[in-house]
Amino acid sequence: MRYEEFTIEGRNAVIEAFRSGRTIDKVFILDGCQDGPVRTIVREAKKAGSLISYVSKERLDNMSETGKHQGVIAYAAAYEYAEVEDILRAAEEKGEPPFLFILDEIEDPHNLGAIIRTANLCGAHGVIIPKRRAAGLTATVVKASAGALNYTPVAKVTNIAATIEELKKQGIWFVCGDMGGELMYNLNLTGAIGLVIGNEGSGVSRLVREKCDMTASIPMKGDIDSLNASVAAGVLAFEIVRQRMG
C-alpha cells in the first residue's frame with residue numbers, strides 16, 4: 001500500500017476528493033487558517049462526517065510527503081465502507097445466524113486492523129465502527145488486518161447505540177466485554193449475536209453498555225488489570241465460536 005494512495009495534500013486536491021465522493025476519514029488543517037478554500041473544506045468535511053483536527057504548521061510539515069500541503073492534509077479510506085445491510089446479507093447468504101463485531105471508539109489503527117483480522121478468522125460476517133472519535137480504514141489498518149479487509153465488510157455508522165437498537169429488532173442479541181460482567185463461560189452466546197468491544201482506555205461507553213443484553217468478563221489471574229482491546233476481542237470472539245460450534 002503506497003502512502004500517496006491514502007494521503008491527499010493541498011487545498012484543491014482535498015476539495016476535489018470530497019466532491020468526487022471519496023471517503024475521507026480525517027482532515028488536518030493548519031490552526032487559525034480560515035480563508036475561503038479552507039472554509040469549503042471544513043463544510044465538506046462536516047457534511048461527510050469526517051473528523052477535523054486543527055494542528056500546528058510543524059505537525060503538518062512532519063506529516064507531509066510532498067512539502068506542498070498548503071495547510072491541509074486529508075486521510076482517505078483505503079477501502080470502501082460497506083452498509084450494515086451488506087453484513088446481514090452476508091450472513092443470510094451463508095445460511096448462518098448473524099455474528100457481528102461492534103467497536104465502540106477503537107482509536108488505535110493497529111488494534112482495529114487486528115480486530116478485523118480476528119473477526120474474519122472467527123467467521124464473523126462483518127464489523128461496525130462509529131464515524132467519530134475512532135480509527136477509520138487507513139493504510140495502517142489495512143496492513144494490520146493482514147488481508148482480512150478483502151473478505152470482511154466494515155460498516156461505518158453515525159450512532160452505535162441507535163444501530164444496536166435497530167439490530168435488536170432483527171433478533172440479534174448483544175454482549176459487551178467488561179471486567180464487571182458475568183463470566184463469559186456462564187453466558188449463552190449462541191444464535192444471532194453482536195460482540196461489542198470498547199475503547200482502549202475507557203471501555204464500552206455507558207450508553208452503549210445499557211443497550212447490550214449481556215455483559216461478559218474474561219477470567220484473569222495476572223497482576224495487571226486488563227487485556228489489550230484486540231486481545232480481549234479475540235478471547236471473547238472464540239468463546240462465541242466454541243458455543244456456536246457446540
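Tell me the relative contact order for the chain as a rounded percent, counting alpha carbon contacts under 8 Å between residues six or more apart. If you can, show how the numbers build up before the last one.
On the way: 471 pairs, mean separation 44.9, N = 246.
Over the chain, the number comes to 18 percent.
Quote the relative contact order of the stretch 1-56 in percent (integer), defining contacts as alpha-carbon pairs under 8 Å separated by 6+ residues.
On the way: 50 pairs, mean separation 22.6, N = 56.
In percent, rounded to a whole number, it is 40.
Ranking M214, M179, M245, M220 by solvent-accessible area of protein heavy atoms (1.4 Å probe, all protein chains present), from largest to smallest, gives M245, M179, M220, M214. Of the solvent-accessible surface of the stretch 100-246, computed with a 1.4 Å probe and all protein chains present, 50% belongs to carbon and sulfur.
Cysteines in the chain lacking any other cysteine Cβ under 4.7 Å from their own Cβ: C33, C122.
With loop defined by DSSP as not H, G, I, E or B, and exposure as at most 16 other Cβ atoms within 10 Å, which is the longest segment of the chain clear of exposed GluC sites (Glu not before Pro)? Working shown, then result.
Working: sites that count: E65, E80, E83, E107, E200.
The segment 108-199 is the longest one with no such site.
Beyond a 27 Å Cα-Cα separation, which of these cross-linked pairs lie in this structure: K143/K169; K47/K68; K156/K211; K26/K94; K47/K169? Over 27 Å apart, Cα to Cα: K143/K169; K26/K94; K47/K169. Computed over the stretch 179-246, relative contact order equals 50 percent, with contacts defined as Cα pairs under 8 Å that lie 6+ residues apart.
Of all DSSP beta bridges confined to the chain, the antiparallel ones make up roughly 25%.
E182 sits among other residues whose Cβ lies under 14 Å from its own Cβ, and their net charge, with Lys and Arg +1 and Asp and Glu -1, is -2. Per residue, the accessible area of the stretch 95-213 comes to 43 Å² when a 1.4 Å probe rolls over the protein heavy atoms.
Note on the chain: the alpha carbon radius of gyration divided by the globular reference 2.2 N^0.38 Å gives 1.08. Of all segments of the chain bounded by trypsin sites (Lys or Arg not before Pro) found in a DSSP loop with no more than 14 other C-beta atoms within 10 Å, the longest spans 3-67.
Amide H contacts under 5 Å for I102: I128, L195, V196, I197, restricted to partners 5 or more places along the chain or on a different chain, H placed in the peptide plane at 1.01 Å from N. Separation between the D213 and E107 pseudo-spin-labels, each 7 Å from Cα along Cα→Cβ, expressed in nm? Once both label points are built, they end up 3.2 nm from each other.
The values are calculated or read from the model by the stated rules, or taken from the named source; none is laboratory data. Note that this is a predicted model, so its numbers are computed, not measured. Every residue, glycine among them, receives a Cβ derived from its backbone with ideal geometry; neighbour counts consider all protein chains shown. Ligands, DNA and RNA are stripped out before the accessible areas are found, and what is left, the full protein with its side chains, is counted by its heavy atoms. Shrake-Rupley method; radii C 1.70, N 1.55, O 1.52, S 1.80 Å.
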